[in-house]
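*Asks:* A single structure is presented below for examination.
Just so you know, all these numbers are worked out from the coordinates, no wet-lab data involved. These numbers come from a predicted model, not from an experiment. With ideal geometry, Cβ positions are generated from the backbone for all residues, glycine too; neighbour counts draw on all protein chains shown.
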Amino acid sequence: MSSAHKLHSLAWRVRSGASTSLDAFVCGWLEMLDQTLLPTTLRTIDCRTIETVWEGIKSLRVRGAPAIGISAAYGVCVGLQTVFYDVDGSRRIPSEEEFFSRLDEATKYLATSRPTAVNLFWALDRMKAKAESLRGQKSVEEIATSLLDEARLIHEEDNVLCRKMGRYGASLIKDGGSYLTHCNAGGLATGEYGTALGVFYWASEEEGKKIRVYADETRPLLQGARLTAWELRENGIDVTLICDSMAAVVMLQGKVDAVFVGADRIARNGDTANKIGTYGVAVCAKRHNIPFYVVAPRSTFDLTLESGSLIPIEERNPEEIRRGFGKQTAPDGIDVYNPAFDVTPSELITGVVTENGVISPVTPEMITEVVGKNRSVEDALKNRY
Ligand code: MRU
């Protein structure tokens with residue numbers, strides 16, 4: 001077993017010889033596993049400019065809501081490095097004004113990479129808030145190193161939260177059970193371990209439950225086939241790959257005990273944006289009385305949005321459908337509609353597994369208590385009744 005969920009798909013690397021914390025900030029770079037090459041090639045790219053980080057997010061070299069957030073946090077550090085160098089390449093110390101103006105520019109730029117996963121904006125806001133909290137009190141060098149610490153913290157926290165979600169979610173898994181997932185919500189989509197797939201890892205590795213997982217291949221970019229099938233198999237989970245259009249019949253045949261998916265943004269009422277096709281899976285699950293669970297950390301909730309209709313949905317290049325992976329599969333120039341996400345209404349969701357427990361039923365009141373106030377589900381229930 002190779003523990004693929006512990007792959008370091010994102011890491012802050014530092015040039016050897018860098019001895020101070022400021023060196024670690026100024027001479028570091030974001031190493032990103034290029035997920036577009038999986039499952040055949042394991043290769044990382046070194047993001048030494050903010051443009052490379054932006055392109056990595058835009059092109060789905062890194063993807064999955066939590067991993068996008070972590071990349072953006074490190075991306076802010078990469079973007080700020082330029083103000084610490086003169087045109088001739090020698091090191092300099094920028095003024096506070098210059099530092100904060102570049103911070104503003106860098107966060108605004110990274111925010112344009114992808115619109116749906118709220119973790120991107122959450123991480124950028126957190127980085128800005130960290131810097132602002134130190135403005136006027138610390139030197140720019142100290143603020144810079146604190147920003148690298150903050151990015152590392154966002155990364156490490158995600159690893160812890162995924163395991164907490166995994167443990168809560170595993171209580172919904174039975175020994176000998178069979179489950180379905182869509183897209184990739186595993187170690188590749190997070191710091192490591194995963195959200196929906198973290199539930200399978202915990203159930204299998206920590207609780208010894210024997211499970212089978214059906215992975216939808218996830219048209220058009222095949223995150224399910226290229227990433228989930230690969231990642232689950234590498235971790236020793238019994239996985240069967242199906243085309244998206246087979247999910248309904250697999251449910252009809254009684255092969256699915258529950259569905260577990262990740263999320264890109266969850267509105268205040270529980271409506272959930274996730275990879276295109278998720279809504280269809282939820283409708284099928286309802287038809288067959290199969291529980292449908294979303295697994296996501298608090299950073300994926302957007303309590304500013306009352307309902308899912310307000311979630312911005314990314315539309316991607318039609319060529320992803322006309323010539324996916326380079327082969328022409330549709331008439332040249334044919335009209336294509338290519339939304340990357342859909343929204344599953346909360347009434348189709350049995351529960352949302354968070355780091356604070358399983359919210360079920362999914363109501364705006366429980367979401368506000370658990371997510372808005374950072375309470376455990378147990379405490380939120382005690383409080384209310
Ligand atoms: O377009 P992608 O691959 O970034 O879409 C990813 C998903 O929809 C995931 O299911 C979601 O981000 C959850 S990842 C833990």
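*Asks:* If we count other beta carbons within 10 Å of each Cβ, what is the order of Asp158, Asp335, fewest first? Don't jump to the answer; show the numbers that get you there.
*Replies:* Details: Asp158 25, Asp335 8.
Placing the least packed residue first, the sequence is Asp335, Asp158.
*Asks:* Right, next: Describe numerically, in nm with one decimal, the distance between label points set 7 Å from Cα along Cα→Cβ at Lys373 and at Glu206.
*Replies:* Those two pseudo-labels are separated by 2.6 nm.
*Asks:* So what's the back-of-envelope 222 nm ellipticity for the chain, counting only DSSP H runs of four-plus at -39500 (n - 2.57) apiece and dividing by all residues, rounded to 500? Intermediate results must be reported in sequence, preceding the final value.
*Replies:* Numbers: 13 runs with 138 residues, N = 385.
Estimated from H runs of four or more residues: -10500 deg cm²/dmol.
*Asks:* Got a sec? Charge dipole of the chain, +1 on Cβ for Lys and Arg, -1 for Asp and Glu; which of Asn159, Thr354, Leu172 is way out at the positive end?
*Replies:* Working it through, the farthest residue towards the positive pole turns out to be Leu172.
*Asks:* Quick one: check the C-alpha center-to-center distance for the range 344-372 versus the range 16-93, whole angstrom.
*Replies:* Using only Cα atoms to place each centre, the spacing works out to 34 Å.
*Asks:* So, one more: List the trypsin sites (Lys or Arg not before Pro) within the range 132-162 that DSSP assigns to loop and that have no more than 16 neighbouring Cβ atoms inside 10 Å. Can you show the working numbers first?
*Replies:* Values: sites: Arg135, Lys138, Arg152; in loops: Arg135, Lys138.
Passing both the DSSP loop test and the Cβ count: Arg135, Lys138.
*Asks:* Still on this structure, I have one more. Which order do Asp379, Asp302, Asp264 fall in if you start with the one that has the fewest other Cβ atoms within 10 Å? Intermediate values should be presented prior to the final figure.
*Replies:* On the way: Asp379 15, Asp302 21, Asp264 32.
Ranking Asp379, Asp302, Asp264 by Cβ neighbours within 10 Å, fewest first, gives Asp379, Asp302, Asp264.
*Asks:* Could you give the distance between the Cα centres of the range 198-269 and the range 277-295, to the whole Å?
*Replies:* For the range 198-269 versus the range 277-295, the Cα centre distance is 12 Å.
*Asks:* If you look for lysine pairs in the range 168-384 that are eight or more places apart or on different chains, how many of them have Cα atoms under 18 Å apart? Don't skip to the answer; put the middle values down first.
*Replies:* On the way: Lys174/Lys209; Lys174/Lys210; Lys174/Lys255; Lys209/Lys255; Lys210/Lys255; Lys255/Lys286; Lys373/Lys382.
For the range 168-384, qualifying lysine pairs total 7.
*Asks:* So what's the Cα pair-distance distribution over the chain, bin width 20 Å, in %?
*Replies:* 29, 56, 15, 0
*Asks:* Tabulate in residue order the Karplus-calculated ³J(HN,Hα) for the range 315-328, using 6.51 cos²θ - 1.76 cosθ + 1.60 with θ = phi - 60°, rounded to whole Hz; enter x for Gly and Pro.
*Replies:* Going residue by residue, I get 10, 10, 4, x, 4, 4, 9, 6, 9, x, 6, x, 9, 6 Hz, with x marking Gly and Pro.
*Asks:* Using the beta-carbon distance between Glu96 and Gln253 and R0 = 51 Å, what value does 1/(1 + (r/R0)^6) give for FRET efficiency, to the nearest 0.05?
*Replies:* On the way: r = 64 Å, r/R0 = 1.26.
Computed FRET efficiency for Glu96 and Gln253 comes out at 0.20.
*Asks:* Express as a percent, rounded to the nearest 5, the fraction of DSSP beta bridges in the chain (both residues included) that run antiparallel. Could you put the intermediate results ahead of the total?
*Replies:* On the way: 21 of 40 bridges.
Taking every DSSP beta bridge with both residues in the chain, the antiparallel ones total about 50 percent.
*Asks:* Something else now. For the range 168-384, rounded, prolate or oblate, judged on the Cα gyration tensor with a ≥ b ≥ c (square roots of eigenvalues), a/c < 1.5 rounded, else prolate if a/b > b/c? Kindly include the intermediate steps, with their values, before the conclusion.
*Replies:* On the way: a/c = 1.85, a/b = 1.26, b/c = 1.46.
Because a/c hits 1.5 or more and a/b fails to exceed b/c, the range 168-384 counts as oblate.
*Asks:* With a 10 Å Cβ neighbour count serving as the proxy for reagent exposure, in which order, fewest first, do Lys373, Lys327, Lys128 appear? Mind dumping the intermediate values first?
*Replies:* On the way: Lys373 11, Lys327 7, Lys128 17.
Exposure proxy ranking, most exposed first: Lys327, Lys373, Lys128.
*Asks:* Given 0.36 nm per residue, what is the gain on full extension from Thr304 to Glu319 after removing their alpha carbon distance, in nm?
*Replies:* On the way: separation 15, 0.36 × 15 = 5.40 nm, distance 3.35 nm.
Contour length minus Cα-Cα distance gives 2.0 nm.
*Asks:* Let me make sure I get this right: for the range 10-160, a, b and c are the square roots of the gyration tensor eigenvalues over alpha carbons, sorted descending. Under 1.5 in a/c it's rounded, otherwise prolate if a/b > b/c, else oblate. Which is it?
*Replies:* On the way: a/c = 1.75, a/b = 1.40, b/c = 1.25.
Taking the square roots of the gyration eigenvalues as a ≥ b ≥ c, the range 10-160 is prolate.
*Asks:* Which residues in the range 207-221 place their backbone N less than 17 Å from a point set 7 Å from the Cα of Thr40 along the Cα-to-Cβ direction?
*Replies:* 221
*Asks:* Report the paramagnetic label zone for Thr240: residues of the range 283-310 whose backbone N is under 20 Å from a point 7 Å from Cα along the Cα-to-Cβ axis.
*Replies:* Hits in the range 283-310 for Thr240 at 20 Å: 284-293.
*Asks:* How many percent of DSSP beta bridges within the range 259-355 run antiparallel, rounded to 5?
*Replies:* Working: 7 of 15 bridges.
Beta bridges within the range 259-355, antiparallel portion: roughly 45 percent.
*Asks:* Where in the chain are the DSSP H helices whose alpha-carbon span along the long axis reaches 18 Å or more and whose Kyte-Doolittle mean is at least 0.0?
*Replies:* Length and hydropathy pass: 65-80, 118-134.
*Asks:* Give me the extension gain from Thr112 to Tyr85: residue separation times 0.36 nm, minus the current Cα-Cα distance, reported in nm with one decimal.
*Replies:* 7.2 nm
*Asks:* Tell me, in nm to one decimal, what length is gained between Thr329 and Asn159 on full extension, where the rule is 0.36 nm per residue of separation less the Cα-Cα distance? Mind dumping the intermediate values first?
*Replies:* Details: separation 170, 0.36 × 170 = 61.20 nm, distance 3.90 nm.
Taking 0.36 nm per residue and subtracting the Cα distance, the gain is 57.3 nm.
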